[in-house]
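Worksheet: one structure, shown below.
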Amino acid sequence: MEFVTPTVLWIPGAVVLIGVVVGLAAEAAKHRALGVGVIAVALMVAAVVCAWSAVKVSISPAFGWMFLGGGGFSTVASVVYLLAGLSVASGWRRAISTSRGGTVAGITALSAVAIQLLTSTLDLLPAILALEVVALAGYALVSAAASRRSDEAALRYFVQGGVAAGFTVLGLAVIYGVYGTTGYVRLFEIVDGGSRAAAFGMVLVLAAFAFKLGAVPFHSWAPDVYETADASVAGFLASAPKIGALMALLLLFPAGMFNEGRFPTATLAIAVMAAASIILGNLGALRQSSLGRMLGYSGIAQVGYGLIGLAAGVTGYQATALFALTYAVGVATAFFVAEAVRERRPGWDGSIGGLSGLAAEAPFLAAAMVAALLSLTGIPLLIGFWGKLFVFVAAVSADLTWLAVIGVIGSVVSFGYYGAVIRSMYTRGVETEENIPAGTRFSGRVACAVALVAGLIVVVGGVGPLIAGLDVISRLLVF
Amino acid sequence: MNVLLPIAIPLTGALVVALAGRGESGGARRVSAMFAFATFAVTVYLAFAWNAEGGECIRWVISSAQGLGVLSLAVDGLSLPLVVLTGFLGLIAVLTSWEVHEHAAAHHALLLCLEAAVMTVFLADNVILFYVAWEAVLIPMFFLISVWGHENRRAAAFKFFIYTFAGSALMLVGIITLLVSSPLGSLAGGVTAISADKQTLVFWLLAAGLLVKVPVVPLHTWLPDAHVEAPTAGSIMLAGVLLKMGGYGLLRIALPVAPDAFAAAGPVLAVLGGIGIVYGAILALGQRDLKRLVAYSSVAHMGFMLLAMSTGTRLGIGAAMLIMVSHGVVSGLLFFLVGAIYDRTHTREISRFGGLISQIPVWGGVFVFGALASLGLPGLSGFPGELLSVLEGFGRFGWWIAPIGVGVILGAAYNLYAVRAVAHGEPSAEWQGISDLGVRERLIAASFVVCIVGLGLWPGTVLSVTDAASRVLSMALGGGQ
């Protein structure tokens, strides 16, 4: 086992990278379905290996000191690979029928590897490189939708992201210039809260990650991106990168070099960002008629809850990670259902009203959407409840009851727009006859199956801890 | 294991009905009736088992969980009457939805889910499970209203969800404050008060969620819409057991963890109860829609419950429990009758009825009986609880409770007004030849009548079950007895 332990931690990433190379090669050799399939399978294998090491391997460095694996880090990576794999599978029909298919799958997989690195590296340099890879992958994935609006959204996303990247590099330069190192362990020993340069670097790094999170005030790109990207792709973009950014912030802030003891104002700033994100995200989401835009604005509100956990400091460490995972699973499920709906109703304009009659037409698909939306609202028996509960417990423990109160009020408001989708699905809609295009029935079913599997995860994750005991959460998320 | 059965059976039933009952409605309703009957039988068995064990609390904890096992259940004198009530009304709800043909399997599955969720609320032995079940109740109820309800069902379902969710979100903050300040303890384990400085905050946060459900007057506006728009089975469950969750939560959680705050809040609760009694009766009197009238009468009855509870005495708490059980049965009967007449006439407008007792004598007779039970006629179930409530209220608050007399008179007024306008008077030609209650409906009505008379003649059955628990709670409030 001495040999297995460090190896098993970097194997998932390697499997995915090899899968991408093989997959793209197969695609180049005109075996498109095979290529996309290889990439999806590689991602699933990676997810399984990570899940195994989450239970079996305690936290240890991997690939030299490149990143940490095992314990909670592997749990997080497992969910990231799972979501990437589901996203690739969900876009199956488009992937095998358009020329960009293999590329989209490949970029998604690369992005997943970068996110694993981002969530677990102990050095600012790889962290920022990984962040930029995730961002670049994001621009590419959005523009892959190949509509005029998606090109516009991708361009805006790119320009705003460029500014954020500038912050990032500047922050890195400041920290390296002052301290001569980028390793967290060394920085943790020498960073001084009184230093203005360190504070400046801290603000820049925080801004860069907040942009990736889509937290207020760096949020304006999110709704456009989610609306215009293909739903299967949006399912990945809305979920996994947020896990990455939140986990990276966890390594830097509550227990890391920018901890509360040294930078008390940072905690305040995060708390204010959390409150502002919840309030503005909710207000924005209430007015939307497009499902993707609504999920975009609601995503802004949702990252606010992650930031609550972050503001709660070390107490909120586990809660923040749990919330990131549960939110990601919920929002990804919603998008996967949207993708499956698109397969069934090619003429769907992406609006919430356009979902009417879905419950009668496809009851299980509608049920998966209900599970996803109620999970995002934070209703018990669904996975999202545990994330929000833990975050609120952390906030109250850290004397941030006011944030918890804003959070629960935000949850109530959120039912206004999540519930509107449910309402629409359960109204009698226009009578649609079998409008699944001939010849794509099987591939349409893949998207549907992905949506149902994701919905099942939402429910099992919600009920499981009741039966297995809450300890299961703390056992899976050891940091 | 016995304690798990009242949850497991309806849940299994829901699964079976949902998976096997698609297609024709006959199979679905028969299967769900079987499961609902088994659930009711188990709750009755549980009552006997509890009695045989000398009234000790019966617990059950899932064995697979390590450490923080959330799934722990308990039944004691406080929860037992409500568990039996839920079993009874769960069966009735399935029987009343016999004629639901639209997505019958889904309807019955949701009803059984709802029953399981409510059972879990009453049986939960820790606050996390309590909250989980409390919110889980919303999901089936939301769909029951929004899919099978009447004209404005979607808006009503939405309002119901948002109101109760808003209340319970504040309750969640209270529960979290509780979790942070003390370890996760057993709810049925007696009184475990938290430190005095946090009691007021925790109490009012919890009360925010609980009082919306009761409901208390400024927070009651979701109730008439939800009741009126819900299908009959939904109304029966809503009025019969869902409203009891609020009162039960006050006694099960809010009082034991914050007895000082509860005692201090006594006068406030009494005022809220008094407002409910008077205002609920006034609103009921002003209704033109029969179902709405019955719905508002719930506000008034729950006012009596709150008044009884606010006294904090042993008898007062017992009376609160008695009122809850009695109202569960009486409102169940009235909603069943309103549903039955709506099925025949497709209207609930009081002015369009008249002289029904001569046209459909069985329905008319039972309706008069139900209205009399609702106004608190001695010998029927409403009387002992509400009398005790007023007596105990007078003992605690003296003449301050005099305005409630107005409410009592108005209570008689709206019930008799309904009887006169609907059952008596000039028979309306419009409803010539409508059919009277059938065999299935007569059985339902008869079982209600038996319960109402039984509880009216022997209120001691409920009081003796709850007495041990009431004594512990009243002692925690500083009451000597």
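Taking region A:159-209 as the range and being part of a loop (DSSP other than H, G, I, E, B) and either β-branched (Val, Ile, Thr) or out of contact with any helix residue (DSSP H, G or I) (no Cβ under 8 Å at 6 or more places or on another chain) (or both) as the test, the residues that pass are A:180, A:181, A:182, A:191, A:194.
Within region A:396-408, restricting attention to residues that are at the interface with chain B (Cβ under 8 Å from one of its Cβ atoms) and more than 18 Å from residue B:130 (Cα to Cα), which residue is surrounded by the most Cβ atoms within 10 Å (Cβ to Cβ)?
Within region A:396-408, the first condition is being at the interface with chain B (Cβ under 8 Å from one of its Cβ atoms), and the residues that meet it are A:396-397, A:401, A:404-405, A:408.
Next cut, more than 18 Å from residue B:130 (Cα to Cα) only: A:396-397, A:401, A:404-405.
Working: A:396: 23, A:397: 20, A:401: 18, A:404: 26, A:405: 17.
So the residue we want is A:404.
Only one of A:26, A:33, A:46 is in a helix (DSSP H, G or I), at pLDDT 95 or above and either in contact with a helix residue (DSSP H, G or I) (Cβ under 6 Å, 6 or more places away or on another chain) or hydroxyl-bearing (Ser, Thr, Tyr) (or both). Can you tell me which? Outline the logic, then answer.
Details: A:26 fails: at pLDDT 95 or above; A:33 fails: at pLDDT 95 or above.
After applying the criteria, what remains is A:46.
Determine if region B:159-174 includes at least one residue that is facing chain A (nearest Cβ under 10 Å) and within 19 Å of residue B:233 (Cα to Cα). Yes; the residues of region B:159-174 include at least one that is facing chain A (nearest Cβ under 10 Å) and within 19 Å of residue B:233 (Cα to Cα).
Close Cβ contacts (under 8 Å, 6 or more residues apart or on different chains) running from residues in region B:178-206 that are within 13 Å of chain A (Cβ to nearest Cβ) to residues that are of a type in the set (D, E, K, R) and in a helix (DSSP H, G or I) comprise B:181/B:198.
Only residues that are under 25 Å from residue A:345 (Cβ atoms) and within 14 Å of chain B (Cβ to nearest Cβ): list them for region A:456-479, please. Please lay out each step first, then the result.
Restricting attention to region A:456-479, the residues satisfying the condition of being under 25 Å from residue A:345 (Cβ atoms) are A:456-459.
A:458, A:459, listed by residue number.
Going by what's in this entry, would residue A:99 be described as closer than 29 Å to residue A:11 by Cβ and not hydrophobic (A, V, I, L, M, F, W, C)?
Working: closer than 29 Å to residue A:11 by Cβ: no; not hydrophobic (A, V, I, L, M, F, W, C): yes.
In short, no.
Restricting A:276, A:285 to residues that are crowded, with 24+ Cβ neighbours inside 10 Å and either over 28 Å from residue A:464 (Cβ atoms) or in contact with a strand residue (DSSP E or B) (Cβ under 9 Å, 6 or more places away or on another chain) (or both) narrows the list to A:285.
Is there a residue in region B:73-81 that is in a helix (DSSP H, G or I) and either modelled with pLDDT under 80 or buried (at least 22 other Cβ atoms within 10 Å of the Cβ) (or both)? Yes, because at least one residue in region B:73-81 is in a helix (DSSP H, G or I) and either modelled with pLDDT under 80 or buried (at least 22 other Cβ atoms within 10 Å of the Cβ) (or both). Residue A:345 satisfies every condition listed in (1) at pLDDT below 95; (2) under 25 Å from residue A:394 (Cα atoms) except (2).
Just checking: which of the helices (runs of 4 or more DSSP H) contained wholly in region B:310-400 hold 2 or more residues that are under 30 Å from residue B:256 (Cα atoms) and modelled with pLDDT of 90 or more?
Here the list reads B:314-345, B:382-397.
The sole residue among B:109, B:155, B:93 that is more than 8 Å from chain A (Cβ to nearest Cβ), closer than 25 Å to residue A:360 by Cα and surrounded by fewer than 24 Cβ atoms within 10 Å (Cβ to Cβ) is B:155. Hey, can you tell me all the residues within region A:371-381 that are surrounded by 24 or more Cβ atoms within 10 Å (Cβ to Cβ) and within 9 Å of chain B (Cβ to nearest Cβ)? The answer is A:374, A:377, A:378, A:379, A:380.
Any idea which residue in region A:328-370 is farthest from the other protein chains (Cβ to nearest Cβ), counting only those that are among the polar types (S, T, N, Q) and surrounded by fewer than 24 Cβ atoms within 10 Å (Cβ to Cβ)? Let's see the steps before the verdict.
In the first step, residues of region A:328-370 are kept if they are among the polar types (S, T, N, Q); the result is A:333, A:351, A:356.
Now drop any that are not surrounded by fewer than 24 Cβ atoms within 10 Å (Cβ to Cβ), which leaves A:351, A:356.
On the way: A:351: 18, A:356: 11 Å.
The selected residue is A:351.
Restricting attention to region B:383-428, the residues that are loosely packed, with under 15 Cβ neighbours inside 10 Å, closer than 26 Å to residue B:354 by Cα and touching a residue at least 60 places away in the same chain (Cβ under 8 Å) total 1.
Scanning region A:151-190 for residues that are more than 20 Å from the chain's Cα centre (by Cα), within 21 Å of residue A:241 (Cα to Cα) and of a type in the set (Gly, Ala, Ser) turns up A:162, A:166, A:171.
Test residue A:99 against the criterion of being surrounded by fewer than 23 Cβ atoms within 10 Å (Cβ to Cβ), under 30 Å from residue A:32 (Cα atoms) and at pLDDT below 95, and give yes or no. For residue A:99, the condition - surrounded by fewer than 23 Cβ atoms within 10 Å (Cβ to Cβ), under 30 Å from residue A:32 (Cα atoms) and at pLDDT below 95 - is met.
When restricted to residues that are of a type in the set (A, V, I, L, M) and either at the interface with chain A (Cβ under 9 Å from one of its Cβ atoms) or surrounded by fewer than 22 Cβ atoms within 10 Å (Cβ to Cβ) (or both), region B:140-152 contains 1. Looking only at region B:369-405, residues that are within 30 Å of residue B:422 (Cβ to Cβ) and acidic (Asp, Glu) come to 1 in all.
The values are calculated or read from the model by the stated rules, or taken from the named source; none is laboratory data. Fair warning: this is a prediction, and the values are worked out from it, not measured in the lab. Methodologically, a virtual Cβ is constructed for each residue, glycine included, from the backbone with ideal geometry; neighbour enumeration extends over all protein chains shown.
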